[in-house]
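Every number here is computed from the coordinates shown, using simple stated rules; none is lab data. Quick caveat: nothing in here was measured; it's all calculated off a predicted structure. Cβ placement follows ideal geometry from the backbone for every residue including glycine, while neighbour counts extend to all protein chains displayed.
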Amino acid sequence: LSPYNDQVKTLRDLFDKTNLQNEYSIEISTIDSFQGREMDIIYISLVRSNDEADIGFLSDIRRMNVAMTRAKLRLVVLGDSGTIGNHEFYKKFLEHVELHDSYESAWDYHEWFFPYLVCKVYPNSTKIINEKKEVSSINFE
């Protein structure tokens, strides 16, 4: 789930290029179009990431509250804690998941994720990222 139509469209386009849709029952929707429904597992993308901690549309916590309560078995929320953590609702949410030892940082996965990303973005590159400081120097345009 995403609060943004453009991200939903991008994710759908990416998934259309894979066999995952044929192998799994994956639905990609906006939060608004999902209201009133439940699923066993829900991933929510909070999208926003910036130095100003501007969360834009995410400040409508009624939508997020609805989205976060629709998972029957597992809820996975993806977002930039540095951006969303300045908003009181998300700050409490982050405190809650940390208290229950459920918070994981993307940096915990950098050895797996970033070399994969670099290989996909730069297929002829031999550079493998293995430190946080190297990530900020790469332009993914």
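The figures follow:
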quantity: Rg/Rh (Cα only; Kirkwood hydrodynamic radius) as it applies to region 1-86; calculated: 0.98
quantity: Interchain or long-range residues, amide H under 5 Å from Val77's placed H; calculated: Ile44
quantity: Asp80 versus Trp107: modelled label distance in nm, points set 7 Å from Cα along the beta carbon direction; calculated: 1.5
quantity: Paramagnetic label zone (point 7 Å from Cα along Cα-to-C-beta, Ala53; backbone N under 20 Å) in region 74-94; calculated: 78-94
quantity: Amide hydrogen neighbours beyond the local backbone of Ser29, cut-off 5 Å, H modeled; calculated: Ser2
